[in-house]
Amino acid sequence: MSSKEIPYKIYLEESEMPQSWYNVRADMKNKPAPLLNPGTLQPMTAEELGHVFCDELVKQELDDTNPYIEIPEEIRKFYRMYRPSPLVRAYCLEEKLQTPAHIYYKFEGNNTSGSHKLNSAIAQAYYAKQQGLKGVTTETGAGQWGTALSMACAYLGLDCQVYMVKVSYEQKPFRREVMRTYGAKVTPSPSETTEVGRKILAAHPGTTGSLGCAISEAVEAATSQEGYRYVLGSVLSQVLLHQSVIGLEAQAALAKYDIVPDLIIGCAGGGSNLGGLISPFMGEVLRGEKNYRFIAVEPASCPSLTRGKYVYDFCDTGMVCPLAKMYTLGSGFIPSANHAGGLRYHGMSSVVSQLYHDGYLEARSVEQTSVFEAAEMFARVEGILPAPESSHAIRVAIDEALKCKETGEAKNIVFGLTGTGYFDMVAYEKYNNGEMTDYIPTDADLQQGFDGIPKFPGNEI
Ligand SMILES: *Cc1c(COP(=O)(O)O)cnc(C)c1O
């Protein structure tokens, strides 16, 4: 325990920002399984991946060995506009809970896109620009990734085409307009503009869309236009790598006050913020230097880690992407439309999946009304209006702090506050009106998703 008094916000100097990202795969004994070509079932080669992704990002995607990858100066320059982000001691929440625990959160909502996604958006846009491309295509669910990418592309002068999950496009017109303000072209998905979109619409008329489906459309758009590549806001190992800036800064801030975390908590959609936050700490555990507990928190309505299967699966509904080995609910799984958060992806980062499979990480699923209860308490005492996704981590941080109250343990709890919820007021409205429901898929619902998992020798469910 430190003798120095800990301030409300622990800031780093700009000069203390990380010079390199940390690649946790380098320290993993069991490397995440490689992406497979769905046609040949062989590992995807750099050349194959290069048709879809930028060359430098392909290198990062395939790099299982280099622990540190330098952050180019241009990206560091952009980071300085909104980083380093503060590590906040949640004194007011601790007092509200009357817990002996010390609660800290790394706040990533301090930029216009409102989330951590900008950390990877600027990196991916930068490498696209370096390669001399005209633009990038992508999908967005709740809209945070599309917004972040639009900002990054505007900064670098790249064209940006976003396929936005239809239900969000309709429910979140303001997000859409932010993206358009930054110059992006936004199309509701599934759409008639791609072959795969038309196919999905024919098979499921009236569908409100899903991330998996929007990915298929964005990939098709990238591969069918000259000078475009596809970029993805989560799930991929390169995205986890870029997000390690969160964990590296958190680690440096904690070290300033000799704080040793006991428990590190993050919400998990595709696993990028969680993976980024825990990476450097996980590295210490993997190298046998330290011991921390890590908890991934996911919605009970989309429980990939807690109820999914660890197998190779498609990353998208249209089955055009490589196969990834991950905890998955099946690429055809479409979570309930009433779910408020953006943690609606059917799969999980292969890095996070492998770490979970090897027992380095715990997972918990939480129901959305209890998530919004936590969000409301947090907003009232800490001031920040949290994103529904982030509030999953708040829920478990509060639960753990309350356990400390029972046991009298003064544990150090660190969680990732990934973003703000200003564009999620329809969800908050539902909660405030007492109209929010908790939808938990039945085993039979999940089985439908599992039935769509590709079957080949070695990939039995
Ligand atoms: C996208 C998003 C998430 C979930 O994505 P991960 O890749 O799992 O981090 C969490 N919080 C916010 C605010 C987001 O925008």
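The values are calculated or read from the model by the stated rules, or taken from the named source; none is laboratory data. Treat the numbers as computed from the prediction; the structure is a model and nothing was measured. Cβ: placed from backbone, ideal geometry, glycine included. Neighbour counts: every protein chain shown. Heavy atoms of the whole protein, side chains included, go into the accessibility calculation; ligands, DNA and RNA do not. Shrake-Rupley method; radii C 1.70, N 1.55, O 1.52, S 1.80 Å.
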- Task: Would you mind telling me which numbered condition in (1) out of contact with any Asp or Glu (no Cβ under 8 Å at 6 or more places or on another chain); (2) touching a residue at least 60 places away in the same chain (Cβ under 8 Å); (3) within 16 Å of the ligand (Cβ to nearest atom) residue 119 fails?
- Result: (1)
- Considering segment 208-245 alone, what residues qualify as being more than 24 Å from residue 329 (Cβ to Cβ), open to solvent by 10 Å² or more (accessible area, probe 1.4 Å) and either touching a Gly at 6+ places or on another chain (Cβ under 7 Å) or not in a helix (DSSP H, G or I) (or both)? 224, 225, 226, 227, 228, 229
- Item | Filter pass, residue 184 being open to solvent by less than 20 Å² (accessible area, probe 1.4 Å), under 17 Å from residue 230 (Cα atoms) and not aromatic (Phe, Trp, Tyr) | yes
- What pairs can you find where one residue is in segment 368-390 and closer than 20 Å to residue 89 by Cβ, the other is basic (Lys, Arg) and crowded, with 24+ Cβ neighbours inside 10 Å, and their Cβ atoms are less than 7 Å apart, with a gap of 6+ or different chains? 374/395
- Task: Quick one: in segment 239-290, of everything that is within 16 Å of the ligand (Cβ to nearest atom) and among the β-branched types (Val, Ile, Thr), which residue is farthest from the chain's Cα centre (by Cα)?
- Result: 264
- Message: Take residue 128 and tell me if it is more than 16 Å from the ligand (Cβ to nearest atom) and assigned to a helix (DSSP H, G or I).
- Response: yes
- Residue check, residue 205 within 26 Å of residue 417 (Cα to Cα) and more than 16 Å from the ligand (Cβ to nearest atom): no
- Pick out the one residue from 82, 22, 68 that is at pLDDT 95 or above and crowded, with 19+ Cβ neighbours inside 10 Å. 22
- Query: Within segment 422-445, how many residues turn out to be in contact with a helix residue (DSSP H, G or I) (Cβ under 6 Å, 6 or more places away or on another chain) and either of a type outside the set (Asp, Glu) or open to solvent by 10 Å² or more (accessible area, probe 1.4 Å) (or both)?
  - Reply: 6
